[in-house]
Amino acid sequence: MNATVYLLLRLAVAASMFGHGLVRLPKLHGFSSWMVGSFEKSMLPAVLVVPFSYILPIAEFIIGLLLLAGLFTRPALIAGALVMTALIFGSSMIESWDYIPSQLIHVAFFAILLQFSASNICAVDNVLKK
């Protein structure tokens, strides 16, 4: 894969993750309350939903920030795919089928970026290797 194409894909998925986390962090308690309310009738207990609802925006923000910089790119891509997998599972538990295509697209981008990580030339990771 061309290094420029890789960079553009990495920045796009990074902006999505970073943006999701950034807008949720200032209203973390409200976001958590919304998420817990969304899962009230699901089979997932609040004891799992509450911590996840607080961790999710932080994870999105950090993953996005790391990908924007190209720092710890491979671990950030794996973490991003795992976060999206958890979101897909959660969306299934509350039958929010409309969210799943977007989440699957994110997983696909994470997987593509992992597959072609040799093209990750414009990244802080490469400066640290030297």
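The values are calculated or read from the model by the stated rules, or taken from the named source; none is laboratory data. Keep in mind that this is a model prediction, so the values were computed, not measured. Reconstructed Cβ throughout: ideal geometry from the backbone, glycine too, with neighbour counts over all protein chains shown.
One residue stands out in the stretch 45-62 among those that are hydrophobic (A, V, I, L, M, F, W, C) and either touching an Asp or Glu at 6+ places or on another chain (Cβ under 7 Å) or surrounded by 15 or more Cβ atoms within 10 Å (Cβ to Cβ) (or both): the one that is farthest from PHE109 (Cα to Cα), namely VAL50. Being at negative phi, touching a Phe, Trp or Tyr at 6+ places or on another chain (Cβ under 8 Å) and of a type in the set (Phe, Trp, Tyr) holds for only one residue in PHE89, PHE39, PHE61, and it is PHE61.
In this structure, is ILE78 part of a helix (DSSP H, G or I) and in contact (Cβ under 8 Å) with a residue 40 or more places away in the chain? When the stated conditions are applied, ILE78 does not pass them. Only one entry of ALA14, ALA108, ALA79, ALA3 meets the criterion of being in contact with a Gly (Cβ under 6 Å, 6 or more places away or on another chain) and under 30 Å from LEU128 (Cα atoms), and that entry is ALA14.
Does MET84 fit the bill of being farther than 23 Å from ASP125 by Cα and surrounded by 15 or more Cβ atoms within 10 Å (Cβ to Cβ)? Yes, satisfied. The set of residues in the stretch 1-40 being farther than 29 Å from ALA123 by Cβ and surrounded by fewer than 14 Cβ atoms within 10 Å (Cβ to Cβ) consists of LYS27, HIS29, GLY30, SER33, TRP34, GLY37, GLU40. Cβ-Cβ distances below 6 Å connect no pair with a first residue in the stretch 20-32 that is touching a residue at least 24 places away in the same chain (Cβ under 8 Å) and in a helix (DSSP H, G or I), a second residue that is surrounded by fewer than 15 Cβ atoms within 10 Å (Cβ to Cβ) and of a type in the set (Gly, Ala, Ser), and a separation of six or more residues or different chains. Scanning the stretch 1-19 for residues that are closer than 11 Å to LEU113 by Cβ, assigned to a helix (DSSP H, G or I) and either touching a helix residue (DSSP H, G or I) at 6+ places or on another chain (Cβ under 7 Å) or among the acidic types (Asp, Glu) (or both) gives TYR6, LEU9, ARG10, LEU11, VAL13, ALA14.
Filtering PHE110, PHE89 for residues that are of a type in the set (A, V, I, L, M, F, W, C), assigned to a helix (DSSP H, G or I), at pLDDT 95 or above and surrounded by fewer than 13 Cβ atoms within 10 Å (Cβ to Cβ) leaves a single hit, PHE89. Remark: pairs (first residue in the stretch 113-130, closer than 12 Å to ARG10 by Cβ; second residue at pLDDT below 95 and surrounded by 11 or more Cβ atoms within 10 Å (Cβ to Cβ); Cβ separation under 7 Å; 6+ apart in sequence or on different chains) = PHE116/MET1; SER119/MET1; SER119/ALA3; ILE121/ALA3; CYS122/ALA3.
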